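The values are calculated or read from the model by the stated rules, or taken from the named source; none is laboratory data. Fair warning: this is a prediction, and the values are worked out from it, not measured in the lab. Reconstructed Cβ throughout: ideal geometry from the backbone, glycine too, with neighbour counts over all protein chains shown.
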Amino acid sequence: MALLCKDLCQKHKARFEHSKGMYLNGYRFCRVCQVWFNTDSLYCICCGGRLGARPRSKKSKLLLSKMVVLVKQ
Ligand SMILES: [Zn+2]
Ligand SMILES: [Zn+2]
């Protein structure tokens, strides 16, 4: 089943975009819609696709900890 953007996300999307640091703040990214959501849901309310969560790989975690430092400063 193909996942399609129905433009519902445009009403619900988070105000800012294009920042990996948003993973820190409970935001999730839909790769189909290319939109950030401020939600706890695992699935996009628009296309039904799985939303991106916190990065799992070691590299990403390293990057994440660096970003935390940046945020604190
Ligand atoms: Zn959408
Ligand atoms: Zn979506």
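List the pairs whose first member sits in region 34-52 and is away from ligand 2 (no atom under 11 Å from the Cβ) and charged (D, E, K, R), whose second member is in a loop (DSSP other than H, G, I, E, B) and at pLDDT below 85, and whose Cβ atoms are under 9 Å apart, counting only residues at least 6 apart or on separate chains?
Asp40/Gly26
For Val69, work out the one condition from (1) at pLDDT below 85; (2) among the β-branched types (Val, Ile, Thr); (3) surrounded by 10 or more Cβ atoms within 10 Å (Cβ to Cβ) it doesn't fulfil.
Going through (1) at pLDDT below 85; (2) among the β-branched types (Val, Ile, Thr); (3) surrounded by 10 or more Cβ atoms within 10 Å (Cβ to Cβ) one by one, Val69 breaks only (3).
Say whether the condition of being away from ligand 2 (no atom under 12 Å from the Cβ), in a helix (DSSP H, G or I) and modelled with pLDDT under 55 is met by at least one residue in region 23-31.
For region 23-31, residues away from ligand 2 (no atom under 12 Å from the Cβ), in a helix (DSSP H, G or I) and modelled with pLDDT under 55: present.
Do we find that Ala53 is under 10 Å from the mean Cα position of the chain (by Cα) and either more than 10 Å from ligand 1 (Cβ to nearest atom) or modelled with pLDDT of 65 or more (or both) in this structure?
yes
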